[in-house]
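All remarks here apply to the structure that follows.
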């Protein structure tokens, strides 16, 4: 049996902690270090943060560079931010040190879509250092993009694709409820949207990935985000959404060829959303209608797909990779 | 743009012809030669066989070795037989010549499951010659195995998996109807089953692939095949199944850990089967229930997935590969 992959976990928010907890249960992966910038977490044993009931022997540290140099892990599991600008330095550091990376950064899914110059820099650094860098997740990375790609494998052609995702946000954590504006007034929702740090990051990346994978010559990507207003009171474990307040959002993202819509991602994420599900519809030969009944569970699935790609990124050729060119993700031991 | 892949198509039965027809429509792949052993096909222009309405300039030839040596294609698209013993020589030939192979041979899906010695020989020859060899298809290769593997990527663990496939055989070609015994008496069905060349090949391979991919320590694979008896007359374009005659079959394939069933593939393929569909159910954290509404269309989908893996096999490292370790299949241009 090959020896276990040595992993350092950086970023101990909800997803990072769930992923670290999962790594600790795996035989083929060994967690060797943990990093976060939160003073409330630094110095604590990881077991305390994940509610393990016992110490893990891994103390949370503050300095990513020092940890990576001291421990020289096989892979960095990086879950700190949705934004490329915020993770760029850590990625370049790992690349220089020849440490592979699995990242949850939404903007990194198709890095050359948004930041072609930075993508070239990261790719060159990764190749020079002998590291592979991959971003993945459920949305973006799987539910509204990768599943449609995999479905396209049994078709002759794809003329258009539609992905529908419905999430009952009442089952989700507080930070997600805040991101989608649950409990706000409609005016506040619009004000928050204008900041650009509100709502869900990565829908444009899903469209870009689909356009590339399905060979659709999309010349414009666009999205609309609207609040969903509660028509009755909804209680969640974290907050109550009163009738008339915002319960979440509806995001439509589009890819156009000229005036024609060839890609349409339709995401509903609000407290009380009925019939949670993920669907892929391809207008193709033969046609495809694929559905995850009940939907793909949010944070658990996100932690799982990050951890389940650790072996894949190690097996991949050095460089900045995407989910299209690493081995198919699957449960790891 | 990279130059098109040069492909020779060997085996011009229903699937091979459908795949060749599809290759002719692709920009990124060029069909350069065609081979079959059927005297009625040799010497004809491929356009005549695929009903193109015009010549393709590609004449069907008889001698695989001569064609491969003369044309030196990038990939051999091989659709001649379900059985390893029947394709072994062609695979070794391609391996020696350094020509990659995409094959429809069901027994080749997990070659070391049935024939570990031959698998080692093929792998060594492929590595020595610098060729990659891959078998794929819809069943086995996708509907009842690969989709469950991809679904496992968003889970922490998989305790058991069940795949359900329902095909209305009334929509399928005559050779398939014969394979599943449509129109036979129940006695003839059982006599035919005893020959071992009847029914569907590859269900065991699906179980073996799932066991490996989901890390289930399956110690026994078994299957049952029963005729489905028509309760009313069914007309198909090719034959009529009378009430009381066999309309097709039900195949249950199982993977056991001790006495526990951890894998169950439930295939119904008969004329008049209601609610055609493909489903994957994982007993996992989180649980998964995935469904292709209407099912994955048989021959079209099979031709598509073979052609859509041509680029993947070229990108793969030399050796005998499986669908688990080539890049995720997707529509090719």
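Things worth noting here:
- Within the stretch A:284-298, the residues that satisfy the criterion of being buried (at least 19 other Cβ atoms within 10 Å of the Cβ), outside any strand (DSSP E or B) and on the phi < 0 side of the Ramachandran plot are A:296, A:297, A:298.
- Meets criteria (free of Cβ contacts under 8 Å to residues at least 60 places away in the same chain and either crowded, with 19+ Cβ neighbours inside 10 Å or more than 8 Å from every other protein chain (Cβ to nearest Cβ) (or both)) for residue B:330: yes
- Filter result (within 14 Å of chain A (Cβ to nearest Cβ) and either within 12 Å of residue B:280 (Cβ to Cβ) or in a helix (DSSP H, G or I) (or both)) within the stretch B:164-174: B:164, B:165, B:171
- Taking the criterion of being part of a loop (DSSP other than H, G, I, E, B) and away from every other protein chain (no Cβ under 14 Å), the residues of the stretch A:198-223 that qualify are A:198, A:199, A:200, A:201, A:202, A:218, A:219.
- Considering residues of the stretch B:289-309 that are more than 7 Å from chain A (Cβ to nearest Cβ) and either touching a strand residue (DSSP E or B) at 6+ places or on another chain (Cβ under 6 Å) or modelled with pLDDT of 95 or more (or both) only, the residue farthest from residue B:134 (Cα to Cα): B:295
- Verdict on residue A:197 being in the same structural domain as residue A:221 (by TED's automatic domain parsing) and in contact with a helix residue (DSSP H, G or I) (Cβ under 8 Å, 6 or more places away or on another chain): no
- Residue A:218 modelled with pLDDT of 95 or more and closer than 21 Å to residue A:295 by Cα: no
- Condition met for residue A:237 (over 16 Å from the mean Cα position of the chain (by Cα), away from chain B (no Cβ under 14 Å) and surrounded by fewer than 16 Cβ atoms within 10 Å (Cβ to Cβ)): yes
- Evaluation of residue B:177 against the conditions (1) more than 14 Å from every other protein chain (Cβ to nearest Cβ); (2) in contact with a helix residue (DSSP H, G or I) (Cβ under 9 Å, 6 or more places away or on another chain); (3) at pLDDT 95 or above; (4) assigned to a helix (DSSP H, G or I) shows that the sole unmet condition is (3).
- Hits in the stretch B:109-128 - residues which are outside any loop (DSSP other than H, G, I, E, B) and either surrounded by fewer than 19 Cβ atoms within 10 Å (Cβ to Cβ) or without any contact (Cβ under 8 Å) to a residue 24 or more places away in the chain (or both): B:112, B:113, B:114, B:116, B:117, B:119, B:120, B:121, B:123, B:124, B:127, B:128
- Subset of the stretch B:310-327 that is crowded, with 21+ Cβ neighbours inside 10 Å and over 19 Å from residue B:205 (Cα atoms) - its residue that is farthest from the other protein chains (Cβ to nearest Cβ): B:313
The values are calculated or read from the model by the stated rules, or taken from the named source; none is laboratory data. All of these numbers come straight from a predicted model, not from anything done at the bench. So basically every Cβ, Gly included, is an ideal-geometry build from the backbone, and we count neighbours across all protein chains shown.
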